[in-house]
Amino acid sequence: MPFVILAILAALPLTGLSSYAMHLVILVVMWSVVGMAWNLLGGYCGQVSFGHAAYFGVGAYTAGILYTKMAISPWWGVPLSIPVVALFSFFLGYIVLRLRGPFFALATLASGEVMRVTAENLVDFTGGTLGIMIQERTWVEKTWYYYIILLVATVTFVLVKKLAESKLGYYFVAIREDQDAAESMGINTTLYKTLALCISGCLTGAAGAFYMNYMGYIDPNVVFALHDISIITIMIVMVGGVATYWGPVVGAVIMVLLAEWIRSIPGLGTAHYTFFGILLIIIIIFLPNGIVGDFPKLKRLLKLQKA
Amino acid sequence: MTSAQIEVLLQTLISGILLGGLYALIGLGMTLIMGVMKIINLAHGELMMVAMYIAYWMFVLFHVDPYLSVFIAAPVMFFLGVMIQKFLINPVLRVESILPENQVILTVGIGMVLSNLATMFFTSDYRSTPVGYATDALYLSDYWKSSPIELSLSVPWSVSFVFAVIITIALWFFLSKTDTGKSIRATAQDPEAALLMGVNIKLMRVITFGLGSGLVGAAGCLLLPIYYLFPALGGQFTLIAFVITILGRLGSAMGAIIGGLVLGVFESLTATYIGMGWAPVGRFVMFIACLVFLPGGVASLLRKKRFGA
C-alpha cells in the first residue's frame with residue numbers, strides 16, 4: 001500500500017499538472033511532514049506542543065542565514081538545519097519538558113512567540129521584520145522542489161512508522177498514557193521525551209528549511225506565526241487523526257485544499273479561519289480521534305496494535 | 001543617580017503599576033477558569049477583543065463612555081461565556097479521546113472564529129476611542145510647587161486602575177462571602193468532594209466560565225480608552241494572561257494580582273531601559289525563568305515567609 005502511493009506520488013509531475021496544482025501538491029506534502037513530525041511528539045508521546053512554529057522557523061532561518069551571511073546555497077539549510085534544530089530543541093526541551101499537560105502547552109506556545117519576537121529584534125542577524133529574500137530561485141519549474149519535499153516526506157513517514165513500531169514507540173505511548181506509571185516501570189521519561197522532541201523538531205526544521213528554499217522569502221511573522229504554523233499543524237493532525245500514520249497526510253490534504261477553496265470564493269476570502277475554527281470544533285466534538293483515527297476498521301487495527 | 005534618572009525610574013514604576021492593575025484583572029479571569037475547569041482558555045484574549053468592540057461601538061453609536069460600557073459589556077460577555085461553556089466545552093468533557101488537551105484545542109478554535117469574524121465585520125483597521133480625557137494628566141508640580149522631580153499621572157490610566165481595583169475587591173467579596181462564591185472555590189479545590197457536599201459542579205463550571213469572560217470583558221472596556229483596538233489583539237493578551245497565571249500560581253486569585261503587578265512593572269522597566277520591542281521578550285524570559293526557578297509562582301514565596309521556612 002505505501003509503495004503504491006509512493007509510486008503514484010512519484011509519477012505525479014509526469015501527468016502534466018498545472019503550476020498551481022503542483023504548488024498545492026507541494027504544500028500538501030510539506031504540511032504532511034510537519035504534521036507527521038508533530039504527531040510523533042503530540043500523538044505518540046502525548047506532549048501537545050503549541051509551538052512547532054519555533055522549530056519550523058529556526059529551520060527556515062538556518063537556511064536563510066546560511067544564504068545571507070555565508071553566501072552558500074540555501075539548500076544546505078535542509079541538512080544543516082538538522083543539527084541546529086536538534087541543539088535548539090534539546091535546550092528548549094530542557095526547559096519545557098519538565099512541565100506537564102496544560103503547562104507544557106503554554107510553555108511551548110510561549111517558546112514560539114519568544115522566537116518570533118527575538119527574530120524581529122535581532123535585526124543585524126535575521127534582517128528583522130524585513131525578512132530574508134533569496135534573490136535567485138534554483139528552478140522555475142516546480143518538479144524538483146516536489147521531488148525534494150517528497151523525499152523528505154518519505155523519510156519522515158518511514159522514520160515515524162519505524163519509531164512508533166519499535167520499543168521506543170511503546171515507551172512514547174506509555175509516557176502518553178500515564179507518565180508516572182511509565183516512570184515507575186523504569187522508563188527514563190525525561191530522556192525519551194527529549195528524544196521525541198528532538199526528532200520531531202528536526203523534521204519540522206527540515207520542512208522549514210525547504211519552505212525557505214521554495215518560497216524564497218521569510219520573515220518572523222510568516223515562519224514563527226502562531227496561527228498560520230503552530231495551530232495549523234495541530235489542526236492537520238487533529239483533523240486527520242492523532243497517533244495514526246496516515247492521519248497527518250489526510251489532514252494536510254483536507255486543510256490545504258479547504259484553505260485554497262475558501263480563499264477562491266469571492267467575498268469569503270478572509271473567512272478561512274472561521275471555517276477552520278468551526279471545522280476544529282466539529283471534529284473535536286464528534287470525531288475526537290480524527291478522520292483516520294475514528295475510521296472504524298483502522299481503529300480496530302490500532303487497538304490490536306496496542307494490545 | 002541624578003534626579004533625572006530617579007524621575008525616569010519612578011515614572012516607569014508608576015506606569016508599570018497602573019498597567020499591572022489591568023493585567024491583574026485579565027489574569028484573574030484566566031486563573032478562575034483554570035482553577036475550576038483545569039483547562040487553559042486560549043480564547044481569553046479574543047473574548048476581551050469582543051468586549052472591546054462592544055464598548056467601541058457603544059461609544060461610536062450611542063456615545064456611551066467606555067467606563068460605563070463595563071456595565072454593558074461585562075454582562076454580555078458573561079452570557080457569551082456561559083453559552084460557550086454550556087454548548088461547546090461541556091460536550092467535549094464527555095467524549096473519549098487519545099489526547100486530554102482536546103478542550104484546550106477547542107478554545108483555540110473558538111478564538112480563531114471570534115477573531116476572524118471580527119476581521120470580517122469590522123475590518124482589520126486599528127481603531128481608538130477618541131475620548132475627551134485621553135491625554136489628560138495630573139502633574140506632581142501642580143500640587144507640590146517645590147518638588148525636586150516631575151512626575152505625571154495619566155487620567156485614563158488612573159481611572160482604569162481604580163476601576164480594576166474596585167472590580168477585584170468585588171470579586172473577592174463574591175468569592176469569599178457568598179454561597180455561590182464558596183461553591184466555586186470548593187469546586188476548584190476538589191470537584192468530587194464538592195459534589196458530595198451538594199454543590200452543583202456543572203452549574204459552577206458554567207458560572208465560572210461566564211465570570212471569567214465577564215472579568216476579561218470588563219478589563220477590555222477599561223483598556224479601550226488607553227489602547228487601540230484591532231481584531232488580532234486577542235492573541236497577545238491571551239499570552240499575557242497566562243504569563244500572569246504562571247507567575248502567580250494557577251488558580252490562585254492573590255497570585256494573579258501579584259503576578260499582574262509584577263509583570264506590569266517588569267514590562268515597563270524593560271520598555272524604558274532596554275527598548276520597546278523587547279518588552280514581549282522580557283515577558284517570556286520572566287515566564288520561563290519562573291517556570292524553571294519558581295514553579296509554585298510568586299505565591300509560593302509568600303507561603304514560605306508565612307511559615308518561616
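The residue list A:Leu203, A:Leu257 contains one member that is in contact (Cβ under 8 Å) with a residue 60 or more places away in the chain, more than 10 Å from chain B (Cβ to nearest Cβ), within 20 Å of B:Met112 (Cβ to Cβ) and of a type in the set (A, V, I, L, M), which is A:Leu257.
Of the residues making up region B:88-138, those that are outside any loop (DSSP other than H, G, I, E, B), more than 7 Å from chain A (Cβ to nearest Cβ) and open to solvent by 40 Å² or more (accessible area, probe 1.4 Å) number 6. Going by the conditions given, is A:Phe91 within 15 Å of A:Met115 (Cα to Cα), modelled with pLDDT of 85 or more, out of contact with any helix residue (DSSP H, G or I) (no Cβ under 7 Å at 6 or more places or on another chain) and within 14 Å of another protein chain (Cβ to nearest Cβ)? The answer is yes for A:Phe91. The condition (being open to solvent by 30 Å² or more (accessible area, probe 1.4 Å) and either out of contact with any Gly (no Cβ under 9 Å at 6 or more places or on another chain) or at pLDDT 80 or above (or both)) is satisfied by just one residue among B:Met276, B:Met254: B:Met276. Contact map, region A:219-234: first residue open to solvent by less than 20 Å² (accessible area, probe 1.4 Å), second residue among the charged types (D, E, K, R), Cβ cut-off under 8 Å, separation 6 or more or different chains; pairs are A:Pro220/A:Arg116; A:Pro220/A:Glu120; A:Phe224/A:Glu113; A:Phe224/A:Arg116; A:Ala225/A:Arg116. Criterion first (within 14 Å of chain B (Cβ to nearest Cβ), farther than 24 Å from A:Tyr217 by Cα and part of a helix (DSSP H, G or I)) does A:Gly46 satisfy it? In short, no.
Based on what the data block shows, is A:Gly251 within 14 Å of another protein chain (Cβ to nearest Cβ) and farther than 28 Å from A:Tyr61 by Cβ? Taking the combined requirement at face value, the residue does not satisfy it. Could we say that A:Val123 is without any contact (Cβ under 8 Å) to a residue 60 or more places away in the chain, more than 10 Å from every other protein chain (Cβ to nearest Cβ) and over 26 Å from A:Ile199 (Cα atoms) here? No, not satisfied. If you go through region A:153-208 and keep only what is outside any helix (DSSP H, G or I) and open to solvent by 50 Å² or more (accessible area, probe 1.4 Å), you end up with A:Asp178, A:Met185, A:Gly186, A:Asn188. Scanning region A:65-119 for residues that are hydroxyl-bearing (Ser, Thr, Tyr), under 24 Å from A:Gly43 (Cα atoms) and surrounded by fewer than 18 Cβ atoms within 10 Å (Cβ to Cβ) yields one hit, A:Tyr94.
Residue selection: A:Ile278 satisfies the criterion of being over 20 Å from the mean Cα position of the chain (by Cα), farther than 25 Å from A:Val158 by Cβ and not charged (D, E, K, R).
The values are calculated or read from the model by the stated rules, or taken from the named source; none is laboratory data. The model shown is predicted, which means the values in this text are computed figures rather than measured ones. So basically every Cβ, Gly included, is an ideal-geometry build from the backbone, and we count neighbours across all protein chains shown. Each accessible area value is taken on the protein alone, full model and side chains, heavy atoms only, with ligands, DNA and RNA left out. Shrake-Rupley method; radii C 1.70, N 1.55, O 1.52, S 1.80 Å.
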